[in-house]
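Colleague: Structure provided below as structure tokens; questions to follow.
The values are calculated or read from the model by the stated rules, or taken from the named source; none is laboratory data. This one's a predicted model, so the numbers in the text were calculated from it and none came from an experiment. Methodologically, a virtual Cβ is constructed for each residue, glycine included, from the backbone with ideal geometry; neighbour enumeration extends over all protein chains shown. Remember, those area values only see protein heavy atoms, side chains included, never the ligands or the DNA or RNA. Shrake-Rupley method; radii C 1.70, N 1.55, O 1.52, S 1.80 Å.
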Amino acid sequence: MDIWKYASREQYKDMLLSFALLSGPDWPPKRIMACLYALSNHPEAHYHALSVPKKSGGVRRLLAPDPLMKQVQRNLLHHVLEGFSPSEAAMAYRRGVSAKDHAARHCGQRVVLTLDIQDFFDSITFPQVLARCFPIIYFPRPVGVLLASLCCAYERLPQGAPTSPAVSNLVMKPFDEHMLAWCGERNITYSRYCDDMTFSGDFDFQEVKGKVEGFLEAMGMALNRKKTRVSFRGGRQAVTGLVVNERPGIPREYKRRLRQEIYQYRKFGLPGTETDSEKYRARLLGKIRYVLSVQPEDAWFAQAEEEPIMTHEEKAKQNFLNGYNCAQAVFCAFCDVTGMEEKEALRLSSSFGGGMGRLREVCGAVSGMFMAAGLLYGYDNVEDKALKTEHYARIQELAARFAGEEKTIICRELLGLAEKHSEPVPEDRTEAYYQNRPCPRIVAAAARILEEYIKEQEAAKSVDL
């Protein structure tokens, strides 16, 4: 029975306006309705295609909405879609539920079966969105069609729209509920994380796979056979990237690679394929926090989260801005590779700030660079002339690289001082001090030059091996 049979167009309009899909501009109702109709009649005009690299290789193709469409979709998500509950089996795109919760359901089981839905978002069609998200019992047909049109592009669910995750969970709700009931009768645990379905227990995995294939086929979907995985107790069992043999855990290989990434960045700076330090550091921090969200007891990553992820160049500059003298700033930035305790390094390099005790001779940043190079490559056999010659040549090369950028290695010349300035009292580190001095840039340059030199030596060593 059509409960909206006697509803008027004016009432349809009032319902749409009540959803507050366009917030912000003080538009009259007539203009808001005109905008919503324009968006829903030609949604494809409000998307642009993006290609994002996949971790597993290849690219993921997204359709990203323009700002106006995105605003409408976000309001549609918060004011309408979030009022409907997905199945308890749906573990993705739900507030307070994580991949760890999904994996935890399948720990300590004899058999773990993971299945993947092929082209998940693109397999969800406009009629399914209309029927499952905007059913006639809650929405007059014209209203439901308009709302469903705002969620779709090219008659499909676009991966990249803010509404698509919630819509996908609602479209999959009949499937999830049916599989929960069917699996419950057989003591099988079932949950779904976006397009990844997981079944665990003691069961015939071929029977489960056949059941899933039949149901998906009725929905116009199919399994991605390349991603079907069956694992048994005794071997490694993984769910959405987490090991579930006993309790949810990050694979050892992932943590090892992440530790290596952090170490390489701190020691050598950005990888050759990267250009933006801020974004790269943000990605590393995101990975660290992902590890801690699953294993908060991991002390190494807990410490890595607390310590700023910086290159030696960035660390040296930050040291100087924190009050270290120029020699201390550079020398202490390399404590992670020299192995020296920072307190000891601070004392050892303290005499060389200000061009050696404010004598304005050799720049303290250069001295700090030389001291770190001495710990890394210096000699201790005082009778070996060849080693002495090799190391002095190394120091002269570092000095030449610095002078090539800064024109000199002498402090007073770098600062533009007419004569030596030997007063021992250091200047106050005020905002004006940092604005007028080239020292932060000079300190960073010295650390970068040594960082590049270390990288070259590591590369040469690997070639020799």
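Colleague: Please determine, in degrees from 0 to 90 and to the nearest 10, the orientation of helix 9-18 with respect to the longest principal axis defined by the Cα atoms of the chain, where the helix direction is its Cα long axis.
Modeller: It works out to around 30 degrees.
Colleague: Would you please give the FRET efficiency between Cys35 and Ala131, computed as 1/(1 + (r/R0)^6) with r the Cβ-Cβ distance and R0 = 30 Å, to the nearest 0.05? The partial results should precede the final answer.
Modeller: Working: r = 26 Å, r/R0 = 0.86.
Efficiency, from the Cβ-Cβ distance: 0.70.
Colleague: In addition: What FRET efficiency would be calculated for the residue pair Gln118, Glu305, taking the C-beta separation as r and a Förster radius of 56 Å, to the nearest 0.05? Mind showing how you got there, number by number?
Modeller: Numbers: r = 37 Å, r/R0 = 0.66.
After rounding to 0.05, the efficiency reads 0.90.
Colleague: Starting from the amide H of Ile410, placed 1.01 Å from N in the peptide plane, find each other amide H under 5 Å away whose residue is 5 or more places distant or on another chain.
Modeller: It is Cys363, by chain and number.
Colleague: Continuing with this model, one more query. At 7 Å along the Cα-to-beta-carbon direction for both Tyr138 and Thr389, put a label point, then send me their distance in nm to one decimal.
Modeller: So the label points at Tyr138 and Thr389 sit 8.4 nm apart.
Colleague: Which ³J(HN,Hα) values, rounded to whole Hz and listed in residue order, are derived for segment 384-390 from phi using the Karplus coefficients 6.51, -1.76 and 1.60 in 6.51 cos²θ - 1.76 cosθ + 1.60 with θ = phi - 60°, glycine and proline given as x?
Modeller: 3J(HN,Hα) across segment 384-390, in whole Hz: 8, 5, 5, 5, 4, 4, 4.
Colleague: How far is it, in nm, from the label point at Trp182 to the one at Tyr379 when both lie 7 Å from their Cα along the line to the Cβ?
Modeller: Between Trp182 and Tyr379, the simple spin-label model gives 7.7 nm.
Colleague: Taking the structure as given and computing mean projected area of the Cα convex hull in nm², which label from (1) 32.5; (2) 27.2; (3) 20.8 fits?
Modeller: (1)
Colleague: Also, I was wondering about something else. Could you please put Phe232, Phe120 in sequence from largest to smallest accessible area, using a 1.4 Å probe? Walk me through the numbers before you get to the answer.
Modeller: Details: Phe232 95, Phe120 10 Å².
Listed by decreasing accessible area, they come as Phe232, Phe120.
Colleague: Each residue of segment 108-113 in turn: what ³J(HN,Hα) in whole Hz from Karplus with 6.51, -1.76, 1.60 and θ = phi - 60°, glycine and Pro shown as x?
Modeller: Values, residue by residue: x, 9, 5, 10, 10, 10 Hz.
Colleague: Given R₀ = 56 Å, what would the calculated FRET efficiency be for Glu413 paired with His79, taking r from the Cβ atoms and rounding to 0.05?
Modeller: Values: r = 66 Å, r/R0 = 1.17.
The value I calculate is 0.30.
Colleague: Taking a ≥ b ≥ c as the square roots of the eigenvalues of the Cα gyration tensor of segment 322-372, is the shape rounded (a/c under 1.5), prolate (a/b larger than b/c) or oblate? List each step's numbers first, then the result.
Modeller: Working: a/c = 2.21, a/b = 1.76, b/c = 1.25.
Verdict is prolate for segment 322-372.
Colleague: Work out how much length Arg259 to Glu452 would gain on full extension: take 0.36 nm times their residue separation and subtract the Cα-Cα distance, in nm to one decimal.
Modeller: Working: separation 193, 0.36 × 193 = 69.48 nm, distance 2.07 nm.
The Arg259-Glu452 span can extend by a further 67.4 nm.
Colleague: Please state the shape class of segment 315-423: rounded when a/c is under 1.5, otherwise prolate if a/b exceeds b/c and oblate if not, all from the C-alpha gyration tensor.
Modeller: Note, shape of segment 315-423 comes out oblate.
Colleague: Something else now. Quick check for you: with a 1.4 Å probe and neighbouring chains kept, what is the accessible area per residue of segment 117-261, in Å²? Present the calculation step by step, with values, prior to reporting the outcome.
Modeller: On the way: 6770 Å² over 145 residues.
About 47 Å² of surface per residue is accessible.
Colleague: Okay, moving on. If the cut-off is 25 Å between C-alpha atoms, which lysines fall inside it for Lys279, apart from same-chain ones fewer than 8 positions away?
Modeller: Lys54, Lys55, Lys70, Lys255, Lys267, Lys287, Lys315, Lys317, Lys455
Colleague: Something else about it: Measure out, as a whole number of angstrom, how far apart the alpha-carbon centroids of segment 335-387 and segment 141-165 sit.
Modeller: Comparing the Cα centres of segment 335-387 and segment 141-165, I get a distance of 64 Å.
Colleague: Put Asp176, Asp298 in order of accessible area, largest first, 1.4 Å probe: what do you get? All intermediate terms of the calculation are to be shown ahead of the outcome.
Modeller: Numbers: Asp176 0, Asp298 20 Å².
My answer, sorted largest first, is Asp298, Asp176.
Colleague: To the nearest 10 degrees, how steeply does helix 67-79 sit against the main Cα axis of the chain, on a 0 to 90 scale?
Modeller: Once rounded, one gets 60 degrees.
Colleague: Turning to a different aspect of this structure: Counting heavy atoms of the protein chains only and a 1.4 Å probe, report the per residue accessible area for segment 369-465 as a whole number of Å². Please list the in-between numbers first.
Modeller: Working: 6210 Å² over 97 residues.
For segment 369-465, the per-residue accessible area is 64 Å².
Colleague: Here is a follow-up. Asp66 versus Arg236, label points 7 Å from Cα toward the beta carbon: distance in nm?
Modeller: 4.7 nm
Colleague: Okay, next question. If you line up the long axis of helix 173-184 against the longest principal axis of the chain, both from Cα atoms, how many degrees apart are they, to the nearest 10?
Modeller: 90 degrees
Colleague: Test of the criteria: in segment 29-111, which trypsin sites (Lys or Arg not before Pro) are in a DSSP loop and have at most 14 other Cβ atoms within 10 angstrom of their Cβ?
Modeller: Numbers: sites: Lys30, Arg31, Lys54, Lys55, Arg60, Arg61, Lys70, Arg74, Arg94, Arg95, Lys100, Arg105, Arg110; in loops: Lys54, Lys55, Arg94, Arg95, Arg105, Arg110.
Listed in order of number, the matching sites are Lys54, Lys55, Arg95, Arg110.
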